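Enquirer: Below is the structure I would like to discuss, written out as structure tokens.
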Amino acid sequence: MVAVAILAAGRGTRMKSKLPKVLHSLGGQSLVERVLDSLQTISPQRRMIIVGYQAQEVKTVLQEKPTSHLFPELEFIEQTKQLGTGHAIQQVIPHLEGFMGDLLVLNGDVPLLRPQTIKQLLEAHQEHQNAATILTAQLPNPQGYGRVFCNEQNIIKEIVEDRDCTAAQKQNRRINAGVYCFNWSKLMEVLPHLQANNDQQEYYLTDAVNQLEQVMAVDVADYQEMLGINDREQLAAAYEILQERVKSKWMKAGVTMVDPQSITIDDTVKLHADVIIEPQTHLRGNTEIKSGCKIGPGSLIENSLISENVTVLYSVVVNSIVNADSQIGPYTHLRTEVEVGAGCRLGNFVELKKTKLGNRTNVAHLSYLGDATVGEKVNIGAGTITANYDGVNKHPTKIGNRTKTGVNSVLVAPLNIGSDAYIAAGSTVTEDVPDDCLVIGRSRQVIKPGWRLKKKLDDAEV
Ligand code: UD1
Ligand code: MG
């Protein structure tokens, strides 16, 4: 039996933020969500989250997490005063009465852990029947971390917090990652009796570790997994590591990245072989890009599905779908809930919102389409605008197959335009348009011959 407790009650003073530290975002997901995700390879009986500072906000984020169905039975335990990591775990005592298994404890600020590493920790713990087993690593710069002192068999003698270390102890580069597996009954012998006699006057979980026997260290080869986030610089460093991991994975899977340093990709993004990503491109959230696409330079794609052989150049695509063989950009904005058909061409300074385009439809220049449903092989002329908002409500526009709107058409919604219709340039269309017709909705041109000459003469008389 394994129960898990994640420590997420602290404010994270060193972040200098109103937002609780564990809710700071790392590549589109909060730190605590990432810690929760690292439990994928084990199936604990209980999942407890210790919350305190802005408890409700932390709860909401975890309950609304897109994969929350994987963690249906999260238990939130309140630590009303944040008196240290040991005090935080004392809060679970009433909830684990009679529990006979192991308790896995994870700091909520260790977001780069790999699920495989947690599994290794559990296996080592169970194999050696330790009172506690903890993850450690040799850090190039261990400043700020608790130092772990072991014998040759990796049996821990002591953990000393950085601020309580002597100068000699600070030379030790082996650190405590804040990831522990405890035999719960053994932990219960010491946990209720912790003292706060340290520099911070806090109840340290590491003190409980120091009082147990036997405690074993599991050294993790990739020290980067162990990095804890306490300030904004560490958050930025963790982001860089995450980016390296993500990009290396996709390059190995057949994705070309031109100038990878200038590209960012959330680890929730899915790519396919033979995608080319050009410089200054950012792929976020639940985005998938199929084979043969060329994305960038200079594009942002968020929560969108891009089908095969699409090009996106200097454009922004959010919450949208683009079907195969379409060309987007330069300077197109698919603002939200847009579906572009196959083989479409969307060009310069075009904005679409809640709009569906049929296959092989073009919106090539200077247009805004909102709440519109457009058929196949339609040509939306330069400067066509749907006037979809009357100041109170939004209204739909429908355009049938093969229709052509002339340049500078204003389509005042609600409006139904049929198939094979032509709208003359400069028209303001306020009434529905049947199939096959030509619509001219503008005032007739008036020519006043000689007008300028006459005016000139008038001026001369003054
Ligand atoms: C802690 C460890 C240190 C380790 C480091 C690894 C202790 C005493 N020290 O130090 O040995 O090297 O993590 O990153 O444990 N929290 C609560 N309630 C509290 C205090 C903290 O829930 O009262 C939570 C925080 O939200 C955070 C986690 O516990 O997620 C760790 O707290 P933090 O203050 O970051 O501890 P460190 O100083 O990093
Ligand atoms: Mg920390």
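Enquirer: Please go through the stretch 5-21 and give me each residue that is surrounded by fewer than 23 Cβ atoms within 10 Å (Cβ to Cβ) and of a type in the set (V, I, T), ordered by number.
Expert: T13
Enquirer: From the list R163, R147, exactly one residue is free of Cβ contacts under 8 Å to residues at least 40 places away in the same chain, farther than 18 Å from L7 by Cα, surrounded by 14 or more Cβ atoms within 10 Å (Cβ to Cβ) and not acidic (D, E). Which is it?
Expert: Of R163, R147, the one residue that is free of Cβ contacts under 8 Å to residues at least 40 places away in the same chain, farther than 18 Å from L7 by Cα, surrounded by 14 or more Cβ atoms within 10 Å (Cβ to Cβ) and not acidic (D, E) is R147.
Enquirer: Among the residues of the stretch 58-74 satisfying the criterion of being within 16 Å of ligand 1 (Cβ to nearest atom) and open to solvent by 20 Å² or more (accessible area, probe 1.4 Å), which is nearest to A124 (Cα to Cα)?
Expert: Taking the candidates together, the pick is L74.
Enquirer: When the residues of the stretch 245-263 are narrowed to those that are hydroxyl-bearing (S, T, Y) and open to solvent by 30 Å² or more (accessible area, probe 1.4 Å), which ends up nearest to ligand 2 (Cβ to nearest atom)?
Expert: Only one residue fits best here, namely S248.
Enquirer: Select from the stretch 190-244 the residues that are within 22 Å of N154 (Cα to Cα) and of a type in the set (D, E, K, R) and write down the one among them that is nearest to ligand 1 (Cβ to nearest atom).
Expert: Filtering first and then ranking leaves D207.
Enquirer: Right, here's the next one. Name the pairs: first residue in the stretch 360-372 and of a type in the set (A, V, I, L, M), second residue assigned to a strand (DSSP E or B) and at pLDDT below 95, Cβ to Cβ under 8 Å, at least 6 apart or on different chains?
Expert: Partner pairs satisfying both residue conditions: none exist.
Enquirer: Among all residue pairs at least 6 apart or on different chains, which show Cβ distances below 7 Å where the first residue, located in the stretch 333-348, is modelled with pLDDT under 95 and in a strand (DSSP E or B) and the second is buried (at least 17 other Cβ atoms within 10 Å of the Cβ) and acidic (D, E)?
Expert: That search, which allows pairs on different chains as well, returns nothing.
Enquirer: Working only within the stretch 320-332, note down all residues that are part of a loop (DSSP other than H, G, I, E, B) and either open to solvent by less than 60 Å² (accessible area, probe 1.4 Å) or modelled with pLDDT under 95 (or both).
Expert: S320, N323, A324, S326, G329, P330
Enquirer: Kindly indicate the residue of the stretch 92-117 that is closer than 21 Å to E78 by Cα and either β-branched (V, I, T) or touching a His at 6+ places or on another chain (Cβ under 6 Å) (or both) and also farthest from ligand 1 (Cβ to nearest atom) among those meeting that condition.
Expert: This residue is I93.
Enquirer: May I pose another question? Please state which one of I42, I89, I77 is under 19 Å from T133 (Cα atoms) and buried (at least 17 other Cβ atoms within 10 Å of the Cβ).
Expert: I89
Enquirer: Select from the stretch 1-16 the residues that are within 16 Å of ligand 2 (Cβ to nearest atom) and either in contact (Cβ under 8 Å) with a residue 24 or more places away in the chain or on the phi > 0 side of the Ramachandran plot (or both) and list them in ascending order.
Expert: A5, I6, L7, A8, A9, G10, R11, G12, R14, M15, K16
Enquirer: Okay, next question. What residue, among those in the stretch 22-39 that are open to solvent by less than 10 Å² (accessible area, probe 1.4 Å) and within 16 Å of ligand 2 (Cβ to nearest atom), is nearest to A238 (Cα to Cα)?
Expert: Only one residue fits best here, namely L26.
Enquirer: I'm checking my understanding of the structure. Among residues of the stretch 1-40 that are among the aliphatic types (A, V, I, L, M) and over 20 Å from the mean Cα position of the chain (by Cα), which one is farthest from D102 (Cα to Cα)?
Expert: A9
Enquirer: Before we move on, is L242 outside any helix (DSSP H, G or I), more than 16 Å from ligand 2 (Cβ to nearest atom) and at pLDDT 95 or above?
Expert: Judged against the criteria, L242 is not a match.
Enquirer: Just to be sure I understand, how many residues within the stretch 123-150 are near ligand 1 (Cβ under 10 Å from one of its atoms) and among the charged types (D, E, K, R)?
Expert: Qualifying residue count, the stretch 123-150: 1.
Enquirer: Scan (1) in contact with an Asp or Glu (Cβ under 7 Å, 6 or more places away or on another chain); (2) within 16 Å of ligand 2 (Cβ to nearest atom); (3) open to solvent by less than 50 Å² (accessible area, probe 1.4 Å) for the single condition D199 breaks and write down its number.
Expert: Failing condition for D199: (3).
Enquirer: Test Q120 against the stated conditions and say whether it is in contact (Cβ under 8 Å) with a residue 24 or more places away in the chain, surrounded by 15 or more Cβ atoms within 10 Å (Cβ to Cβ) and within 11 Å of ligand 1 (Cβ to nearest atom).
Expert: Taking the combined requirement at face value, the residue does not satisfy it.
Enquirer: Kindly indicate whether any position in the stretch 266-277 is modelled with pLDDT of 95 or more, within 16 Å of ligand 1 (Cβ to nearest atom) and of a type in the set (D, E, K, R).
Expert: no
Enquirer: Then there's this: Report the residue count in the stretch 207-239 for those that are under 20 Å from the mean Cα position of the chain (by Cα), part of a loop (DSSP other than H, G, I, E, B) and away from ligand 2 (no atom under 16 Å from the Cβ).
Expert: Counting residues in the stretch 207-239 that are under 20 Å from the mean Cα position of the chain (by Cα), part of a loop (DSSP other than H, G, I, E, B) and away from ligand 2 (no atom under 16 Å from the Cβ) gives 0.
Enquirer: A follow-up question, please. In the stretch 50-67, what residues are touching a Phe, Trp or Tyr at 6+ places or on another chain (Cβ under 9 Å) and either touching a residue at least 24 places away in the same chain (Cβ under 8 Å) or not assigned by TED's automatic domain parsing to the domain that holds L104 (or both)?
Expert: I50, V51, A55, V58, L62, K65
The values are calculated or read from the model by the stated rules, or taken from the named source; none is laboratory data. Keep in mind the model is a prediction, meaning the values are calculated, not measured. Positions of Cβ are generated from backbone atoms using ideal geometry, with glycine treated the same way; all protein chains shown enter the neighbour counts. These area figures cover heavy atoms from the full protein model, side chains too; ligands, DNA and RNA do not enter into them. Shrake-Rupley method; radii C 1.70, N 1.55, O 1.52, S 1.80 Å.
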